[in-house]
Amino acid sequence: MPLLETDFSPSLAFKNGHFNTIYRALFTKEQQQYTRKRITTWDADFIDLDFSTVDSKTVALLIHGLEGSSESKYILAASKALNKQKIDTVSFNLRGCSGEDNLLLTTYHSGKTEDVSFIINYLLDNYDYENILIIGYSLGGNLTLKYLGEYATKLSEKIKGGITVSVPVDLASSSRELEFLKNRVYINEFLKTLRIKVLEKALKFPEFNIDKEKLFKAKSFKDFDELYTAPIFGFKNAKDYWAKASSKPYLSKIKKPTLLINAKDDPFLGDECYPIEEAKNSDYFHLEITKYGGHVGFVSSFIQKESNWLEERIIRFIKENIRIKI
């Protein structure tokens, strides 16, 4: 039932998915003031949280995408917009993404919901928020959807719902899509920073005997996940990791009002990343498929103050579907 009509209609230049994807990351300007808190984890590591508070009883946990951070443009824009609506925000820097390497050999991956659960419990135990929202982008969106489904029977009543954007709910199809020549620029950028991080891990943990020649020759997520993600996190191989970490199998289990916004021209998403049947068969999981928007783009104009459709859509879903008074 919750298959939603969309009203996103960008100007001509932004009807190109690649342009929309790149434009937000490179050319928009966003600023936000944070207060950082370092949280010690159960496994003797740390997670950095960046708070932006307006003395609210509602907080939104913002989760960035692959190799992003609290400084990603879409996180900054969301935090600023939510603060204007009198909602506190906590920007969750995934392990190793806050500007400082984390302490363990393991970092984060697309399905590591135990970290999301840990941070949610930290907020519940240490703050008196009445309402908690989870807003995730790309990989962070996959974590959000998987968490809401995987932990559905255990969630606090204070968790009111989730909103996700540009999510590869089927990791295998997304990985295949990024292997096409037209998307080579994206995979190259991801692999550039991932290689550096893995090499740093190899220096800190000499027992980690990664094949450096294969690492430098890696040209796809399959190559990288076979070398690092799968063995480090205990998966059999990349295929096993993708299957177990994908959020798509958990969508039918979601019992809180939840929105997924995916654009048809998103260069990161394969056909399996548009879960229409799951939305039709759910009373809680809402799907909005826009014709344009790229990957975490959704910019509509060169005039930035007129290009806040995504943030306005998030706020509208909170008001109309999650129904929190703000």
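Just so it is clear, none of the values below were taken in a lab; they were calculated from the coordinates. Bear in mind that the values here come from a model prediction, so they are computed numbers and not experimental data. Positions of Cβ are backbone-derived with ideal geometry, glycine not excepted, and every protein chain shown enters the neighbour counts.
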TODO: For residue 127, list long-range residues whose amide hydrogen, built 1.01 Å from N in the peptide plane, is under 5 Å from its own amide hydrogen.
DONE: none
- [ ] With +1 on each Lys and Arg Cβ and -1 on each Asp and Glu Cβ, and nothing else charged, work out how big the dipole of the stretch 210-326 is about its Cα centre, in Debye to the nearest 20.
- [x] 360 debye
Open item on the list: Output wanted: per-residue J couplings in Hz (rounded whole) for the stretch 107-121, from phi through Karplus 6.51 cos²θ - 1.76 cosθ + 1.60, θ = phi - 60°, x for Gly and Pro.
Closed with: 10, 9, 8, 5, x, 7, 6, 4, 6, 4, 4, 4, 6, 4, 5
- [ ] Return the whole-Å distance between the Cα centroid of the stretch 46-96 and the Cα centroid of the stretch 123-194.
- [x] 14 Å
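Per Stokes-Einstein, at 10 °C and 1.306 mPa s, what whole-number D in µm² s⁻¹ belongs to the stretch 228-326, with the Kirkwood radius over Cα pairs as the hydrodynamic radius? List each step's numbers first, then the result.
Values: Rh = 15.8 Å.
The calculation lands on 101 µm²/s.
Once a ≥ b ≥ c are taken as the square roots of the eigenvalues of the Cα gyration tensor of the stretch 58-126, is the result rounded (a/c under 1.5), prolate (a/b larger than b/c) or oblate (a/b not larger than b/c)?
Details: a/c = 2.35, a/b = 1.39, b/c = 1.69.
Verdict is oblate for the stretch 58-126.
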Task: For the stretch 171-245, alpha-carbon Rg over 2.2 N^0.38 Å - done: 1.09
Task: Segments 152-163, 13-24, 89-100 sorted - mean Cβ within 10 Å per residue, highest first - done: 89-100, 13-24, 152-163
TODO: Might you report the magnitude of the Cβ-based charge dipole of the stretch 171-245 about its Cα centre, with Lys and Arg at +1 and Asp and Glu at -1, to the nearest 20 debye?
DONE: 140 debye
TODO: Would you mind getting me the FRET efficiency between residue 182 and residue 237? Use the beta-carbon distance for r and R0 = 30 Å, nearest 0.05.
DONE: 0.70
TODO: Between residue 200 and residue 5, with labels modelled 7 Å along Cα→Cβ, what's the label distance in nm to one decimal, could you check?
DONE: 4.9 nm
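How many lysine pairs does the stretch 55-158 hold where the Cα atoms are under 15 Å apart and the two sit 8 or more places apart or on different chains? The partial results should precede the final answer.
On the way: 57/84; 57/86; 57/158; 112/146; 146/154.
Lysine pairs meeting both conditions in the stretch 55-158 amount to 5.
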- [ ] Can you tell me the dipole magnitude for the stretch 1-108 around its Cα centre, using point charges on the Cβ only (Lys, Arg +1; Asp, Glu -1), in Debye to the nearest 20?
- [x] 400 debye
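Which of rounded, prolate or oblate describes the stretch 108-207 when judged by the alpha-carbon gyration tensor and an a/c cut-off of 1.5? Walk me through the intermediate numbers first.
On the way: a/c = 2.81, a/b = 1.57, b/c = 1.79.
Oblate is the answer for the stretch 108-207, as a/c is 1.5 or above yet b/c matches or exceeds a/b.
Do the sum for the chain: with -39,500 (n - 2.57) for every DSSP H run of n ≥ 4, divided by all residues, what is the mean residue ellipticity at 222 nm, to the nearest 500 deg cm²/dmol? Mind showing how you got there, number by number?
Working: 12 runs with 113 residues, N = 326.
Dividing the helical sum by the residues of the chain leaves -10000 deg cm²/dmol.
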Task: For residue 167, distant residues with modelled amide H under 5 Å away - done: 138
Task: Ranked by how many other beta carbons lie within 10 Å on average, peptides 183-191, 35-43, 220-228, 126-134 from highest - done: 220-228, 126-134, 183-191, 35-43
